[in-house]
Amino acid sequence: MAARDPHRFVNELDETAIKRLIDRLESRAKDSVFTRLIDKYAEQLALTKPASVLEVGCGTGAMIRAFVRRQEFTGKAIGVDQSQPFIDAARYYTEQENLEEWLEFQLGDAHNLEFPSACFDVVIANTLISHVTEPAHVLVEMARVVRPGGTLAIFDGDYASLTYAYPDHKFGHKMDQALAAASFNNPHIMRDLPKIIGDYGLELDSAWGDAVVEIGNGSYFKSFAETYAPYVANAGLINHDEVDNWLSAQSDAMDLGTFFASCNYYTYMLRCP
Ligand SMILES: C[S@@+](CC[C@H](N)C(=O)[O-])C[C@H]1O[C@@H](n2cnc3c(N)ncnc32)[C@H](O)[C@@H]1O
């Protein structure tokens, strides 16, 4: 079976797999190694006056809820996702956190957004475009719905840089590549983005990168490995026993305090002319 990015094909997953992804999205949003990166671009957006914000590919709404909880946020936000169970979870958590006044959710496809043109001040894609079928198409659609002078914020991993330490370096590299291929439709998209931006007439306002690194112990990369390693075996990229051995070795490394994993993440702020 060929690799099938679980977030791209989320509507084909069974209930157990969906539950696992929901848990992963929620735990990731609470992990400090990750939240500092989101805080960084939220600060850069500096929404000091009421703004209308769209998050495309919002999942369980974990990121946009954190955004709306920020003290300076006084506007209105909408999250769109292609998965009904994710939208249901997003509505549930939003109600639990009493955020309904500022935040709502809609089912929809990032390639064909059901909004009029130029109706948002800010449009965000937070770890979305590494998963979609046609990243350039999604960018153009995001640019369509943002008002002139508004901002597109694109945050994602350069999953081609994802790496876990493993004693057999050759196998470790093979597993890194298999993890990226099994989990992300577009593992190189963040390094390809400067060219795509130019090709579609979008303007780069600013961009920066951060390494997410865990040394000694892991929480972010532990949950990442446990969630996505099974997809490597299921896609037939590496056999089940070898994947299990790799997972056990990562777990042992955490117990021994010798764990190491890293991936680069990039943020692009695009200005819409
Ligand atoms: C890694 S999750 C990120 C969720 C959320 N942005 C966050 O940061 O917590 C990727 C999300 O993109 C959604 N997605 C993928 N392709 C999509 C598409 N074509 N249209 C809408 N959502 C899509 C998936 O359903 C999933 O919820």
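The values are calculated or read from the model by the stated rules, or taken from the named source; none is laboratory data. These figures come from a predicted structure and were not determined experimentally. Here the Cβ is made from the backbone with ideal geometry for all residues, glycine too, and neighbour counts use every protein chain on show. To get the accessible areas, we keep the full protein, side chains included, count just its heavy atoms, and leave off ligands, DNA and RNA. Shrake-Rupley method; radii C 1.70, N 1.55, O 1.52, S 1.80 Å.
Return a whole-number percent for the relative contact order of the chain, with Cα pairs under 8 Å and 6 or more residues apart as the contact set. List each step's numbers first, then the result.
Values: 517 pairs, mean separation 59.4, N = 273.
Worked out over the chain, it gives 22 percent.
Return the calculated 222 nm mean residue ellipticity for the chain, to the nearest 500 deg cm²/dmol, obtained by summing -39500 (n - 2.57) across DSSP H runs with n ≥ 4 and dividing by the residue count. Present the calculation step by step, with values, prior to reporting the outcome.
Working: 9 runs with 118 residues, N = 273.
Helix-only estimate at 222 nm: -13500 deg cm²/dmol.
In a Debye calculation with equal point scatterers on the alpha-carbon sites of the stretch 59-165 and no solvent, what is log10 I(q)/I(0) at q = 0.15, 0.20 Å⁻¹?
-0.67, -1.13
Roughly how much of Lys195 is accessible, in Å² to the nearest 10, using a 1.4 Å probe?
Lys195 exposes around 130 Å² with every protein chain in place.
Please calculate how many Å² of accessible area the chain carries per residue, with a 1.4 Å probe and no DNA, RNA or ligand atoms counted.
Working: 12210 Å² over 273 residues.
Counting only protein heavy atoms, the per-residue value for the chain is 45 Å².
How many percent of the alpha carbon pairs in the chain exceed a separation of 22 Å? Don't skip to the answer; put the middle values down first.
Details: 20792 of 37128 pairs.
Looking at the chain, the distances longer than 22 Å represent 56 percent of pairs.
Normalising by the residue count of the stretch 115-268, find the relative contact order in percent from Cα pairs under 8 Å and 6+ residues apart. Kindly include the intermediate steps, with their values, before the conclusion.
Details: 243 pairs, mean separation 47.0, N = 154.
So the answer I get is 31 percent.
Between Lys195 and Glu101, what length in nm is gained on full extension when 0.36 nm per residue of separation is reduced by their alpha carbon distance? Write down the numbers at each step before the final one.
Details: separation 94, 0.36 × 94 = 33.84 nm, distance 3.89 nm.
Working it through step by step, the gained length comes to 29.9 nm.
Roughly speaking, what % of Cα-Cα pairs in the stretch 145-225 are separated by over 18 Å, rounded to a whole number? Walk me through the numbers on the way to the answer.
On the way: 1787 of 3240 pairs.
Looking at the stretch 145-225, the distances longer than 18 Å represent 55 percent of pairs.
Would you kindly find the accessible area of Lys40, with a 1.4 Å probe and non-protein molecules such as ligands, DNA and RNA excluded, rounding to the nearest 10 Å²?
Approximately 80 Å² of Lys40 is accessible to the 1.4 Å probe.
If we sort 52-65, 236-249, 200-213 on the protection proxy, mean other Cβ atoms within 10 Å, highest first, what's the order? Write down the numbers at each step before the final one.
On the way: 52-65: 25.7, 236-249: 16.0, 200-213: 14.1.
Output ranking for 52-65, 236-249, 200-213: 52-65, 236-249, 200-213.
Using a simple charge model, +1 on the beta-carbon of Lys and Arg, -1 on the beta-carbon of Asp and Glu, nothing else, what dipole does the stretch 1-42 show about its Cα centre, in debye to the nearest 20? Intermediate results must be reported in sequence, preceding the final value.
Working: 9 positive and 8 negative charges, 43 e Å.
It comes to approximately 200 debye.
For the stretch 1-119, what does the relative contact order come out to in percent, with C-alpha contacts under 8 Å and a separation of six or more? Could you put the intermediate results ahead of the total?
Numbers: 144 pairs, mean separation 26.6, N = 119.
It rounds to 22 percent for the stretch 1-119.
What is the percent of Cα-Cα separations in the stretch 1-111 that go past 21 Å?
On the way: 2282 of 6105 pairs.
For the stretch 1-111, the share of Cα pairs beyond 21 Å comes to 37 percent.
In the structure displayed, which of Lys174/Lys222; Lys49/Lys195; Lys40/Lys170; Lys40/Lys76 lie more than 24 Å apart, Cα to Cα? List each step's numbers first, then the result.
Details: Lys174/Lys222 18 Å; Lys49/Lys195 32 Å; Lys40/Lys170 35 Å; Lys40/Lys76 20 Å.
Over 24 Å Cα-Cα: Lys49/Lys195; Lys40/Lys170.
Just going by the charge dipole of the stretch 140-273, with Lys and Arg at +1 and Asp and Glu at -1 on Cβ, which of Val145, Phe155, Pro194 is farthest out on the positive end?
Going by the Cα projections, it comes out as Val145.
List the residues, sorted by chain then number, that are 5 or more residues from Thr127 or on another chain and whose placed amide H is less than 5 Å from its amide H.
Phe155, Asp156
D for the stretch 68-126, whole µm²/s, Stokes-Einstein with Kirkwood Rh over alpha-carbon pairs at 4 °C and 1.567 mPa s: what number?
103 µm²/s
Assigning unit charges at the beta carbon (Lys, Arg +1; Asp, Glu -1) and nothing else, what dipole magnitude in debye, to the nearest 20, does the chain show about its Cα centre?
Working: 23 positive and 39 negative charges, 115 e Å.
It comes to approximately 560 debye.
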